[in-house]
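Taking it in order: structure first as structure tokens, then the write-up.
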Amino acid sequence: MSHMLYLCLMSVDREELLSMAADLLTRRPTSSMDEIAKAAGISRATLHRHFAGRDALIRALENLGLRRLEAAVDAARPEEGDAAEAVRRIVAEAEPVAGFLAFLVTENQLFEPGDTHEGWARIDDRFAALFRRGQEEGTFRIDLTAAWLTEALYALISASAWAVQDGKVAGRDAVRMTAELLLGGARRSTEQ
């Protein structure tokens, strides 16, 4: 039985529906609710029973994306070892969710300032702590704030996902290129 047919015959699992929506929106961020429903093999009415509108769907996707990103950050263990190596681990662990992260970062620009999910704050705090630790250890530049380095990390992971999706960068090279670009700009120079 095909996956789509199975979804139509069984009650639609919300998590599976979110995963399918995430997959579509990662590839085509401007997809309409009709297109999302069609990709999931359900009616628009069924989609609306789960999510009152696009904003509700985006908020639910944000929760899913943050859970996935937090799991990637946990796996990267940013609190351990050399700060530069921790950045490399974060980029590598985030790579499977990079496209979804890129979508969420873009969509979050549409919400009101200050209307930020607490999950973003938790992840921001962990990234900022890593960058501050790297500054204190002498690895990272002190003229760049930890908050700015955190934003740069999100931006480069997102840009990497778009470049891979557009065929401009090979997926196998994206992690190395992303980490090295960030580290190249963030590292403290030995010539001071």
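The values are calculated or read from the model by the stated rules, or taken from the named source; none is laboratory data. Computed from a prediction, not measured in an experiment: that's the story for all the values here. With ideal geometry, Cβ positions are generated from the backbone for all residues, glycine too; neighbour counts draw on all protein chains shown.
Here are the numbers:
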item	result
Top-ranked residue in segment 21-33 [being surrounded by 19 or more Cβ atoms within 10 Å (Cβ to Cβ) and of a type outside the set (Gly, Ala, Ser); ranked as modelled with the lowest pLDDT]	Thr26
Members of segment 141-192 that are part of a loop (DSSP other than H, G, I, E, B) and either under 20 Å from Pro96 (Cβ atoms) or of a type in the set (Asp, Glu) (or both)	Asp143, Asp166, Gly167, Lys168, Val169, Ala170, Glu191
Number of positions in segment 37-46 that are more than 25 Å from Gly119 (Cβ to Cβ), among the hydrophobic types (A, V, I, L, M, F, W, C) and part of a helix (DSSP H, G or I)	3
Failed criterion for Ala52 (all others in (1) assigned to a loop (DSSP other than H, G, I, E, B); (2) among the aliphatic types (A, V, I, L, M); (3) at pLDDT 95 or above hold)	(3)
Filter result for Glu95 (closer than 17 Å to Ala179 by Cα, in the same structural domain as Ala179 (by TED's automatic domain parsing) and in contact (Cβ under 8 Å) with a residue 40 or more places away in the chain)	yes
Residue in segment 125-144 that is assigned by TED's automatic domain parsing to the domain that holds Phe103, under 18 Å from Glu93 (Cα atoms), touching a residue at least 24 places away in the same chain (Cβ under 8 Å) and charged (D, E, K, R) present	yes
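Yes or no, residue by residue, for (1) over 23 Å from Arg27 (Cα atoms); (2) in contact (Cβ under 8 Å) with a residue 40 or more places away in the chain; (3) surrounded by fewer than 20 Cβ atoms within 10 Å (Cβ to Cβ):
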| position | (1), (2), (3) |
| --- | --- |
| Ala152 | no, no, yes |
| Ile157 | no, yes, no |
| Gln165 | no, yes, yes |
| Asp173 | no, no, yes |
| Glu180 | yes, no, yes |
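For every residue, the table says whether it meets (1) surrounded by fewer than 17 Cβ atoms within 10 Å (Cβ to Cβ); (2) within 11 Å of the chain's Cα centre (by Cα); (3) in a helix (DSSP H, G or I).
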{"site": "Glu35", "(1), (2), (3)": "yes, no, yes"}
{"site": "His48", "(1), (2), (3)": "yes, no, yes"}
{"site": "Glu62", "(1), (2), (3)": "no, yes, yes"}
{"site": "Arg67", "(1), (2), (3)": "yes, yes, yes"}
{"site": "Ala72", "(1), (2), (3)": "no, yes, yes"}
{"site": "Ala86", "(1), (2), (3)": "no, no, yes"}
{"site": "Arg89", "(1), (2), (3)": "no, no, yes"}
{"site": "Phe103", "(1), (2), (3)": "no, yes, yes"}
